[in-house]
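Each remark here refers to the structure printed beneath this line.
The values are calculated or read from the model by the stated rules, or taken from the named source; none is laboratory data. Not measured: the values here are computed from a predicted model. Here the Cβ is made from the backbone with ideal geometry for all residues, glycine too, and neighbour counts use every protein chain on show. Areas reflect the complete protein model, heavy atoms only, side chains present, ligands, DNA and RNA absent. Shrake-Rupley method; radii C 1.70, N 1.55, O 1.52, S 1.80 Å.
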Amino acid sequence: MTWQITLLVLVLAVVAGAAFLVLRGRTGQSGAVDAGVEPGASVDATRSPNPPTPFPPKGKVFLGIQTEHGPYDFTPLSAYTEATGHRPAAFQFAQGWAHNPFDRAVFDRVAERNMLPIVAWEPWDYLATGRARSHGEQPAYRLSRIAGGDFDEYIRSWAQGLKSLGYPVGMRFAHEMNGFWYPWCEQSNGNREGDYVRAYRHVHDIFRQVGVTNVIWVWSANVTYPGAEPLTGLYPGDRYVDWVGLSGYYGTAGVERYRSFDRIFDDTLDQVRRFTRKPIVITETGASDAEGRRAAWIREMFSQLPRHPDVIGVIWFETNKELDWRLSVTPDAARLYGEKAAAARYRVTWSTNTVPRRTVTAPRR
């Protein structure tokens, strides 16, 4: 009778395991929608016997996207992939300090689809309304409180969580700090000159104390504009940065006239090159189709990118936010993007056995 009980237990275990895998494949954790996007091999934190490969390789540029709901709903990724025929090598998504404890599952969902996870880690309450939302008036998240240690327990929990992943992750901490619209901007929320650098270094130092070595630190500014905070006083130093990120769009409110990729980014790139030679990633970009010029802008972007050998990545903002930036809703622009993305220069594959490229030959400007 003992062998019969043992056999029954084994059968039940197999059935339960199969049911768990089916459920996990459909929804993951927190009800994430899979949307039929086929993931790659399961994430394995152990190192491959092959030597790690650089990401991206020299002379290559990775292309990525950011979607509205990130790893909680891959439907927009499916729509983008179907419309362009292109599979992105990086996937950027936001996590806010007020509502998002560390959750390994959201990173694994991205990594198992062979995309580098890049988290926009935002110290604020993104569900706030009014000026707390539009102008960053959230005193609880002043930079002085971050630098002063009020959030150390939360920061340390994330450091430990990211360390446990065992594969590279981009950390885009407190981006677009040279504007006025977030609580971590020095122009808002009662912050003072020098507070941003102190807060950034404090967060970085906690990660270092925890022994985190798999995080790619992305210092990510908005392209400069009249009234923007000067970048030089906001840069924490090369010891604290792996990649420099920039956000810039054609067609944003107040700047609706046509501007090419070069016109949008050149001035800021010139400023950045005065204080660092780190690799550049365009961490947010998109083009309005209000005048039917999205496809023309994309064609121009791909023709101008080779002029910037220090730009190693471009992330398209595939969302409907303020304006509809999605490629998936403009078939002609999507097809063109896919054709250009198929060039050898942009054929880049990410895996857990890659190491981030941290040096480039930056042009003298």
Looking at the stretch 128-171 only, could you name the residues that are outside any helix (DSSP H, G or I), over 23 Å from Phe91 (Cβ atoms) and open to solvent by 10 Å² or more (accessible area, probe 1.4 Å)? Ala128, Thr129, Gly130, His135, Glu137, Gln138, Arg142, Gly148, Gly149, Asp150, Phe151
Could you please let me know if Ala296 is modelled with pLDDT of 95 or more, within 29 Å of Asp324 (Cα to Cα), outside any loop (DSSP other than H, G, I, E, B) and open to solvent by 20 Å² or more (accessible area, probe 1.4 Å)? yes
Condition first: over 15 Å from Ala341 (Cβ atoms), outside any loop (DSSP other than H, G, I, E, B) and open to solvent by 10 Å² or more (accessible area, probe 1.4 Å). Now tell me which residues in the stretch 73-100 satisfy that. Asp73, Thr75, Pro76, Ser78, Ala79, Ala94
Checking Gly179, Gly190 in turn, the sole residue that is in a loop (DSSP other than H, G, I, E, B), over 27 Å from Phe107 (Cα atoms), among the small types (Gly, Ala, Ser) and within 20 Å of the chain's Cα centre (by Cα) turns out to be Gly179
Gly313 passes all but one of the listed conditions (1) closer than 20 Å to Gly170 by Cα; (2) without any contact (Cβ under 8 Å) to a residue 40 or more places away in the chain; (3) of a type in the set (Gly, Ala, Ser); the exception is number (2)
Checking Asp242 against (1) open to solvent by less than 10 Å² (accessible area, probe 1.4 Å); (2) touching a Lys or Arg at 6+ places or on another chain (Cβ under 9 Å); (3) touching a residue at least 60 places away in the same chain (Cβ under 8 Å); (4) not basic (Lys, Arg), which test does it fail? (1)
Which of the numbered conditions does Asp103 fail, given that it passes all the others? Conditions: (1) open to solvent by 70 Å² or more (accessible area, probe 1.4 Å); (2) modelled with pLDDT of 95 or more; (3) over 28 Å from Ala287 (Cα atoms); (4) not small (Gly, Ala, Ser). (1)
